[in-house]
Amino acid sequence: IIRVQSPEGVKRITATKRETVGTFLKKVAKEFGFRNNGFSVYTNRNRTGEITAAQNKSLNLLKIKHGDMLFLYPSSPAGSSSSETMDTSVSQNSRPGGAPQVVEDEIDQYLIKQDGKIYRNRDQQLCRHGPLGKCVHCVPLEPFDEDYLNHLEPPVKHMSFHAYIRKLTGGADKGKFVALENISCKIKSGCEGHPPWPEGICTKCQPSAITLNRQKYRHVDNIMFENHTIADRFLDFWRKTGNQHLGYLYGRYTEHKDIPLGIRAEVAAIYEPPQIGTQNSLEILEDPKAEVVDEIAAKLGLRKVGWIFTDLVSEDTRKGTVRYSRNKDTYFLSAEECITAGNFQNQQPNICRLSPDGHFGSKFVTVVATGGPDNQVHFEGYQVSNQCMALVRDECLLPCRDAPELGYAKESSSEQYVPDVFYKDIDKFGNEITQLARPLPVEYLIIDITTTFPKDPVYTFSISQNPFPIENRDVLGETQDFHSLATYLSQNTSSIFLDIISDFHLLLFLVTNEVMPLRDSISLLLEAVRTKNEELAQTWKKSEQWATIEQLCSTVGVPLPGLQEYGAMGGSSHAVAAAMWPCQHCTFMNQPGTDHCEMCSLPRS
């Protein structure tokens, strides 16, 4: 029996002493599911002493005897069902087993390089050493130290994800064999020893039972809205209609310095997709503009970091109070909301170098605007655990119709095998017992995240007293069209064009409107907004596209201030456009009275 170690694990191959290397390698290929040339076998872990069929020797002549360990390294992705090579060390951008490299998020790449340790000053009472010495009372703590996290104000129940990685990779082996496996609730395919489910199942293909535990880490440690205006404009829909509302959070991930190696989701804008809202329900409709919104956000340096919804019921309209309905006596997230959050998190996976799949968990967050203990609107942040994501992904979790705080693990049927799901509880005698998750308290699936607003507001986009209407609010009579654009431009008296145009909803309208979409010609303006470069914005303002936009605005009968700056013929958009001349070389629209193109400097003729 020869042991062969690979990224898939260790397998035992039965052979004889006189067996040739070629015959032995065919057995190895069959056992691991490789093609004959899709791997290499070595006698040493450091890839020395390769065994090849060309040697045409017996195992006995190669001094391979009973119980020896050989090391298999796949040579191509096509030859392996999982990993490409086995690596004895974990690099910053590669997964265990040397599978194809993945590019992690910028914040992850930054935190990998950080020390992360918690440094403490010398204790005057307990430390008995000199200023250069260290003892147990002042030695730096690891970022995953639970005592330190529990003594913070307020206490931190979940360590950061990167602190959790440091804990896994901090042993003597430095995490050589650490692999973050994604949970699977499905039967493994390819098992040929029995008929397929429901006629047969075995321990090789049967998914393991799941016992729900409180997740010790969280992928995002804080959610911060850049300013109150973002949230207030979102809440205006509920204030005006009384119906619940939903939106997607666009922002960026940054370092959260209050928690060791923490990550913060900063929200810069809220996009409101097509939806149907009532006083107690929400239905998300298909959004044909979703791809374009993500594309524009990416060019602005933003990404979709979460979703937000309201659960508000007015209590006293004179005092402006709302009902406090979500608490420890009811629920914080309903089962249906947990399933929706799990679905969103599965759509936005977290790229991870330590996972054989290339992804593990998600940084996508959930924010609920609901009543707090003081009967004012509070914003509460959550994520669902990786276990919940797996149950949702494999369609094993259902909500309860009459109890929103309870979920229900599906039972196996002829169409689907569902593994048993358990959770631990305390009975009336104080004993810990294991319960079948039918039903299931959803508190086992929830991770809470603090949601904050900064003392000093930050503005990625400019704020106006008369802002441009938000998309998909036709029910309020607020529409995005050229009349609303002309009204917005006429009411905005700022002399800085970048301040006028730096509105997330306005930029989306310019790209997605059906009359003159600017998807292919707005990159320069988006770069100006991203870098806050007024010169770039002014350059784009002189383009033919903006002149056409002003022409369309002028047709609605709203006078636009500032057109005179184009020249003496600035009385109307038509006159301005007529006075401006296009360059024959680069098609740039130049101001009247100029003889050379302002873009390429070539003469007008």
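The values are calculated or read from the model by the stated rules, or taken from the named source; none is laboratory data. Given the structure is predicted, the values throughout are model-derived calculations rather than measurements. No Cβ is skipped: glycine too gets one built from the backbone with ideal geometry, and neighbour counts run over all protein chains shown. When the accessible area is computed, the model is the full protein with side chains, heavy atoms only, and any ligands, DNA or RNA have been set aside. Shrake-Rupley method; radii C 1.70, N 1.55, O 1.52, S 1.80 Å.
Amide hydrogen proximity for GLU50: with H placed 1.01 Å from N in the peptide plane, the residues at 5 or more positions away or on another chain lying under 5 Å are THR43.
Within the set LYS63/LYS176; LYS27/LYS65; LYS216/LYS424; LYS17/LYS204; LYS167/LYS188, which residue pairs have Cα atoms separated by over 22 Å? From LYS63/LYS176; LYS27/LYS65; LYS216/LYS424; LYS17/LYS204; LYS167/LYS188, over 22 Å: LYS63/LYS176; LYS17/LYS204; LYS167/LYS188. Per residue, the stretch 2-74 exposes 61 Å² of solvent-accessible protein surface, assessed with a 1.4 angstrom probe and all protein chains in place. Taken along its principal axes, the alpha carbon cloud of the chain reaches lengths of 98, 74, 72 Å, longest axis first. Taking amide H as placed 1.01 Å from N in the peptide plane, the amide H of THR321 sits under 5 Å from that of GLU315, ASP316, each at least 5 places away or on another chain.
In the chain, the DSSP-assigned H stretches of four residues or longer account for a calculated mean residue ellipticity at 222 nm of -6500 deg cm²/dmol, using -39500 (n - 2.57) per stretch and the full residue count as denominator. Backbone geometry of the stretch 389-403 corresponds, through the Karplus equation with coefficients 6.51, -1.76 and 1.60 at θ = phi - 60°, to 3J(HN,Hα) couplings of 4, 5, 5, 6, 4, 8, 6, 10, 10, 10, x, 8, 5, 9, 9 Hz, x marking Gly and Pro. Peptides 539-547, 47-55 ranked from most to least packed, by the mean per-residue count of other Cβ atoms within 10 Å: 539-547, 47-55.
Taking Cα centre as origin and charging only the Cβ of basic (Lys, Arg, +1) and acidic (Asp, Glu, -1) residues, the dipole magnitude of the chain rounds to 3340 debye. For the stretch 2-74, the Kirkwood estimate of hydrodynamic radius, built from reciprocal distances between every pair of different alpha carbons, is 12.0 Å.
Within the accessible surface of the chain, defined with a 1.4 Å probe on protein heavy atoms only, the carbon and sulfur portion equals 49 percent. Once the convex hull of all Cα atoms in the stretch 474-556 is built, its volume per residue stands at 97 Å³. Of the trypsin sites (Lys or Arg not before Pro) in the stretch 404-461, the ones in a loop by DSSP (not H, G, I, E or B) with at most 12 other beta carbons within 10 Å are LYS428, LYS455. In order along the stretch 493-503, the phi-based Karplus estimate (6.51 cos²θ - 1.76 cosθ + 1.60, θ = phi - 60°) of 3J(HN,Hα) comes to 9, 5, 8, 9, 4, 4, 5, 5, 8, 7, 9 Hz; Gly and Pro are listed as x. By how many degrees, 0 to 90 and rounded to 10, does the Cα axis of helix 228-241 deviate from the longest principal axis of the chain? Its long axis makes an angle of about 80 degrees. Rolling a 1.4 Å probe over the protein heavy atoms gives the stretch 212-452 an accessible area of 44 Å² per residue. Using the average count of surrounding beta-carbon atoms within 10 Å as a protection proxy, the listed peptides 267-278, 356-367 rank, highest first, as 356-367, 267-278.
Taken over the stretch 212-452, the ratio of Cα radius of gyration to 2.2 N^0.38 Å equals 1.05.
Summing Lys and Arg as +1 and Asp and Glu as -1 over all other residues whose Cβ lies under 11 Å from the Cβ of GLY372 gives a net charge of 0. Counting only protein heavy atoms and a 1.4 Å probe, the stretch 474-556 has 44 square angstrom of accessible area per residue. Highest-first packing order for the peptide set 387-396, 279-288, 110-119, 524-533 is 387-396, 524-533, 110-119, 279-288, based on the mean count of other beta carbon atoms within 10 Å.
Charge tally around LYS11: other residues with Cβ under 9 Å, Lys/Arg +1 each, Asp/Glu -1 each, net 0. Among residues other than ARG473 whose Cβ falls under 13 Å from its Cβ, what is the net charge (Lys/Arg +1, Asp/Glu -1)? Residues near ARG473 contribute -3 overall.
Distances between placed amide hydrogens fall under 5 Å for THR452 paired with ILE223, MET224, PHE225, all partners being 5 or more residues away or on another chain. Once C-alpha pairs closer than 8 Å and six or more residues apart are averaged by separation and normalised to the residue number of the chain, the relative contact order reads 10 percent. Take the Cα radius of gyration of the stretch 132-275 and divide it by 2.2 N^0.38 Å, N being the number of residues; the result is 1.58. Rounded to whole numbers, the Karplus 3J(HN,Hα) couplings from phi for the stretch 134-142 are 9, 9, 5, 8, 9, 5, x, 8, 6 Hz, using 6.51 cos²θ - 1.76 cosθ + 1.60 with θ = phi - 60°, and x at Gly and Pro. Mind running the shape call on the stretch 314-471? Use the C-alpha gyration tensor, a ≥ b ≥ c as the square roots of the eigenvalues: rounded below 1.5 for a/c, prolate if a/b tops b/c, oblate otherwise. Because a/c hits 1.5 or more and a/b fails to exceed b/c, the stretch 314-471 counts as oblate.
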